[in-house]
1. Residues 349, 386, 329: which one is in contact with a helix residue (DSSP H, G or I) (Cβ under 7 Å, 6 or more places away or on another chain), part of a helix (DSSP H, G or I) and assigned by TED's automatic domain parsing to the domain that holds residue 313?
2. Please work out which residue is modelled with the lowest pLDDT, limiting yourself to the range 231-257 and to residues that are farther than 26 Å from residue 7 by Cβ and either in a loop (DSSP other than H, G, I, E, B) or outside the structural domain of residue 24 (by TED's automatic domain parsing) (or both).
3. Among the residues of the range 181-194 satisfying the criterion of being in contact with a helix residue (DSSP H, G or I) (Cβ under 8 Å, 6 or more places away or on another chain) and at pLDDT 65 or above, which is nearest to residue 9 (Cα to Cα)?
4. Quick test for you: out of 109, 197, pick the one residue that is farther than 30 Å from residue 51 by Cα, in the same structural domain as residue 51 (by TED's automatic domain parsing) and modelled with pLDDT under 95.
5. Quick one: would you say residue 146 is more than 22 Å from residue 205 (Cα to Cα) and in contact with a helix residue (DSSP H, G or I) (Cβ under 6 Å, 6 or more places away or on another chain)?
6. What are the residues in the range 301-320 that are in contact with a strand residue (DSSP E or B) (Cβ under 6 Å, 6 or more places away or on another chain) and either surrounded by 14 or more Cβ atoms within 10 Å (Cβ to Cβ) or not assigned by TED's automatic domain parsing to the domain that holds residue 396 (or both), if any?
7. Looking only at residues in the range 75-106 that are more than 28 Å from the chain's Cα centre (by Cα) and part of a loop (DSSP other than H, G, I, E, B), which one is surrounded by the fewest Cβ atoms within 10 Å (Cβ to Cβ)?
8. Among the numbered criteria (1) free of Cβ contacts under 8 Å to residues at least 60 places away in the same chain; (2) in a helix (DSSP H, G or I), which one does residue 41 miss?
């Protein structure tokens, strides 16, 4: 959705009938996507939830909590959640707020007047990303099972506390997905890195492409949200569960029961690479095949580490696609520069959703004297390549890694 849906939705809103993106293409895409989402939530409700329960793991809805559990949840809400919530009653002075991409929010319909005499009918409650989406109840209220509450259910159960003196007549959680692809004309920008960094600032508030609401959300509230986000009705998804199923992955760490996990895969040292023997020396005589991820990435790191520490190595060149914020490979390149070697990095700034990390690494390498280039205009550098140039007697020998 974040990358491919936007042109189809734009075509649908404009009534386009010709070309790659048309009203019909959006309808076809929407039909398949709705079917997939329905299957996802069917699997969640009919397979995952019973499987969790069989292992003593439950996400307990408000109506199934004991009085002691409700008191604990209320205390948690007042202590950890309420101070971070800022309800916004909509009126001419308080228009519909900016809603960040894939953030958790509530729309609330109200009755009566507030403390200032205002009679606004609709309010929005934005839930900060900093709050955990699943919270495990302590043993004092859940002594036998691993019982959890979702953040959305906590907020939902206490919406009336956010609007004292007013009646909450209906509500729904909602999440909007926005177009997040950074489309740049590389031939028309003077500095790709600067243009991308500027684009990143607006990524969370791009064109809306999907609206998710609770299955029981009224037509009045869903139509109101569709209008605010300028979306056609086919972009609405009613979900029978949490609006973000990805958050369930937190259960792995929160339950922390090895018996419920697949055994971890432990990569082995590359079979064609002799441990404890110079990798440069080995590769001088024959090619070495590393089969990752079955064989460890440590073999490549050992090759680069040896090159960094070898005084006869003069130049190291490396392509960089996805690195993350903590990368031993990048640390080794940094160390190579500090040791006086020529380092050239081909950094792919357009690695989708890793742009910021790659920009930061590019700036860090440049700041210490490495040569940094940004690939080929109009193309993405996906290949992983490393080239080491070493002086051996009167000649220069090159050692390479291709992936």
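The values are calculated or read from the model by the stated rules, or taken from the named source; none is laboratory data. Source: prediction; values computed, not measured. Ideal geometry is used to build each Cβ from the backbone, glycine not excepted, and the neighbour counts take in all protein chains shown.
1. The conditions single out 329.
2. Going through the qualifying residues, I end up with 256.
3. The selected residue is 181.
4. 197
5. Judged against the criteria, residue 146 is a match.
6. 307, 313, 314, 315, 316, 317, 318, 319, 320
7. Once the filter is applied, the top-ranked residue is 92.
8. (1)
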